[in-house]
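Report on the following structure.
The values are calculated or read from the model by the stated rules, or taken from the named source; none is laboratory data. Being a predicted model, the structure only gives us computed values, none of them experimental. Ideal geometry is used to build each Cβ from the backbone, glycine not excepted, and the neighbour counts take in all protein chains shown. These accessible areas exclude ligands, DNA and RNA; they are computed on the full protein's heavy atoms, side chains included. Shrake-Rupley method; radii C 1.70, N 1.55, O 1.52, S 1.80 Å.
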Amino acid sequence: MSFLMLLALMMAAEPAASDSACEDNVLHCQRSERTYGVRWRPAARIELDGRAVEADWKLAAVERSFTFPWKQAPAPETEFRALCTEEFLYFTFRVHDEDIVVLDRLQDEEDAVFEDRVEMYFSCDERMQNYYCLEVDSRGRAFDYRGTFYRQLEPAWNWPGLETKASPLERGYVVEGRIPRASFPALGFPALRPGVKIRCGLFRAEFSHDRSGRPVEQRDSIHNRGRRLDGPPPIQEWMAWVDPRTEEPDFHVPSSLGWLEIVP
């Protein structure tokens, strides 16, 4: 029985005292302790321009441990960095991509589900009962939304004060963004300061164009949320910093999260 079929049976069942234990078992919810240390740089000077070339960025830890959890192949290089100042949590991704899938026009921000993009999920709790997602494409356009386990999403929600930019590379792109530090306690997280840890997932949607010439086949999935494209849908691959250990690609599970820790 596939993961999604088993999940559907679980969700259709009457609530019982053992539901939470069953949920943990089905979703492989052993939590990862992988931790990225966000450097505390209160006075860092960063111009949000999508390039991430300021000297302060060189002081940030570089995370490169991104893999294909559902594919036996080397993953293209992806670098993540983050810094915390008095006002903002800054983040940047540097992505190697030989075939960038991007739409010239979006009917709304949810069209990002058809594009190459980088993603960050922040959860207030261990069970993703209250979590927040940012997905940013190669042009710096953000799809941000709120979620409740399992995949109860609010696409119209926007993270207050979020700003994102991007710039092209010869073979890839750079995404840079900042989140107001004051927004974290307002959303139920602890205030960001040295020693504080919050649950976070780092991901990448690594898409490519389907140039096979095969007849176009549009399928509904948990990823495209029933949306359609004119022409062939992209070939979808998924990269993660923490392996969610699910049978099929899915980041919206607690086992996909590690920690961000603010460090001196």
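Per residue, the accessible area of the chain comes to 48 Å² when a 1.4 Å probe rolls over the protein heavy atoms.
Averaging the sequence gap over all C-alpha pairs within less than 8 Å and six or more residues apart, then dividing by the number of residues, gives the chain a relative contact order of 25 percent. Going by accessible surface with a 1.4 Å probe and the largest first, Ile179, Ile222 read Ile222, Ile179. Shape call for the stretch 34-142 from the C-alpha gyration tensor, a ≥ b ≥ c root eigenvalues: rounded (a/c under 1.5), prolate (a/b greater than b/c) or oblate? Rounded, because the longest to shortest axis ratio a/c is under 1.5. Expressed as a fraction of 2.2 N^0.38 Å, the C-alpha radius of gyration for the stretch 197-236 is 1.57. With contacts taken as Cα pairs under 8 Å and at least 6 residues apart, the stretch 166-264 reaches a relative contact order of 32 percent.
Neighbours of Glu154, meaning other residues whose beta-carbon lies under 13 angstrom from its beta-carbon, give a summed charge of 0 when Lys and Arg score +1 and Asp and Glu score -1. Calculate, for Ile222 and Arg105, the FRET efficiency according to 1/(1 + (r/R0)^6) with r their C-beta to C-beta distance and R0 30 Å; round to the nearest 0.05. FRET efficiency, Ile222 to Arg105: 0.75. A DSSP coil position with no more than 16 other Cβ atoms inside 10 Å describes the following GluC sites (Glu not before Pro) in the stretch 144-221: Glu170, Glu217. GNM remark for the chain: springs join alpha carbons under 10 Å apart, and the peak mean-square fluctuation among Ser212, Ser32, Ser138 falls on Ser212.
In the stretch 37-181, Cα pairs under 8 Å separated by at least six residues give a relative contact order of 25 percent.
Rounded to the nearest 500, the 222 nm mean residue ellipticity of the chain from helices alone is -2000 deg cm²/dmol, with -39,500 (n - 2.57) taken per DSSP H run of at least 4 residues. Each label was represented as a point 7 Å from its Cα along the Cα-to-Cβ direction; for Leu48 and Glu126 these points are 3.4 nm apart.
Name the shape class, rounded, prolate or oblate, that the alpha-carbon gyration tensor gives for the stretch 193-264, where a ≥ b ≥ c are the square roots of its eigenvalues, rounded holds for a/c under 1.5, and otherwise prolate holds if a/b is larger than b/c and oblate otherwise. Because a/c hits 1.5 or more and a/b exceeds b/c, the stretch 193-264 counts as prolate. Within the accessible surface of the chain, defined with a 1.4 Å probe on protein heavy atoms only, the carbon and sulfur portion equals 49 percent. Could you check which residue among Arg45, Arg245, Arg193 shows the biggest mean-square fluctuation in a GNM of the chain with a 10 Å Cα cutoff? Its mean-square fluctuation being the largest, the pick is Arg45. For the chain, modelled as a GNM with alpha-carbon contacts under 10 angstrom, which of Glu98, Glu86, Glu119 fluctuates the most? Judging by the Gaussian network model, the answer is Glu98.
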